[in-house]
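The values are calculated or read from the model by the stated rules, or taken from the named source; none is laboratory data. Because the structure is predicted, anything quoted here is derived from the model rather than measured. With ideal geometry, Cβ positions are generated from the backbone for all residues, glycine too; neighbour counts draw on all protein chains shown. Areas reflect the complete protein model, heavy atoms only, side chains present, ligands, DNA and RNA absent. Shrake-Rupley method; radii C 1.70, N 1.55, O 1.52, S 1.80 Å.
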Amino acid sequence: MSRVPLFAGLSVDDRHRIAEVAVTHRYARGEQVHRPGEESGLRIVHGGRVKVYRANEAGVEQLLRILRPGDFLGETTLLTGRPVDSWAVALEAAEVCVVGGSEISRLLRERPEVATRMLSAMSARLEAAEQQLSTVTGASVGARLASQLLELADEAGATTFRLPSTKKDLASYLATTPETLSRRLADLQDSGVVRLGPRGLVEVRDLQRLRAAARA
């Protein structure tokens, strides 16, 4: 629990209390972490990566975000009382700690700083969603891709990184098709802006041109 930003600053006793009621689940790659209709509860990623998405009636997926160790999900359901309306799947072997809704509700009442951190995280997600919507509606696929690559490089703190998901998921997140995404990646490589390697490896070779592409 000490590794989870949401619980940073809590006393050792408080973290022990949370750990005592948390249930750890281990998931294999591709296994479902949660599905629509499940009851409330806070799920905290302890290891691995988990993708969160929605699916329409035709089964088409829309990637919402990818969670890494320390990230959590389920807070909206917890606060609104509505059932889960999204899917979550392990992208690789993952460990997820689940804390029941009643225990988290008690913690939020007793420790307002936890509620503040949760609201801060939710606000950041809302801001990211609004930015993504603005980008999707106002920028070309090439510009959206360039912006996403710049964001991934910033997260990695390096110009060489791996795509955190499959190209299909990335295409879904950028509101395009896998075929169009592959063509745009190939265009960036052919022009010398990036170099693509195996298993989603990306090396940004010209940051200035990639930034220009994001503004195009």
Among 188, 196, which is surrounded by 17 or more Cβ atoms within 10 Å (Cβ to Cβ) and either over 23 Å from residue 49 (Cα atoms) or aliphatic (A, V, I, L, M) (or both)?
188
Name the pairs: first residue in region 50-79 and more than 23 Å from residue 99 (Cβ to Cβ) and open to solvent by less than 20 Å² (accessible area, probe 1.4 Å), second residue in a strand (DSSP E or B) and at pLDDT below 75, Cβ to Cβ under 7 Å, at least 6 apart or on different chains?
none
Could you please find all residues in region 28-49 being closer than 15 Å to residue 74 by Cβ and either of a type in the set (Asp, Glu) or out of contact with any His (no Cβ under 9 Å at 6 or more places or on another chain) (or both)?
32, 34, 35, 36, 37, 38, 39, 40, 42, 44, 45, 46
Specify the residue that is surrounded by the fewest Cβ atoms within 10 Å (Cβ to Cβ); the eligible residues are those in region 98-130 that are among the acidic types (Asp, Glu) and closer than 22 Å to residue 17 by Cβ.
110
Candidates 63, 126, 42 - the one that is aliphatic (A, V, I, L, M), closer than 28 Å to residue 176 by Cα and assigned to a strand (DSSP E or B):
63
From the list 37, 47, 30, which one is on the phi > 0 side of the Ramachandran plot and modelled with pLDDT of 90 or more?
30
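If you take the residues of region 13-39 that are in a strand (DSSP E or B) and open to solvent by less than 70 Å² (accessible area, probe 1.4 Å), which of them is nearest to residue 111 (Cα to Cα)? Reasoning before the result, please.
Filtering region 13-39 down to residues in a strand (DSSP E or B) leaves 23-27, 32-34.
Subset that is open to solvent by less than 70 Å² (accessible area, probe 1.4 Å): 24, 27, 32-34.
Working: 24: 23, 27: 31, 32: 31, 33: 28, 34: 27 Å.
The selected residue is 24.
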Would you confirm, using the coordinates I've provided, whether residue 196 is under 19 Å from residue 66 (Cα atoms), at pLDDT 90 or above and either touching a helix residue (DSSP H, G or I) at 6+ places or on another chain (Cβ under 7 Å) or aromatic (Phe, Trp, Tyr) (or both)?
no
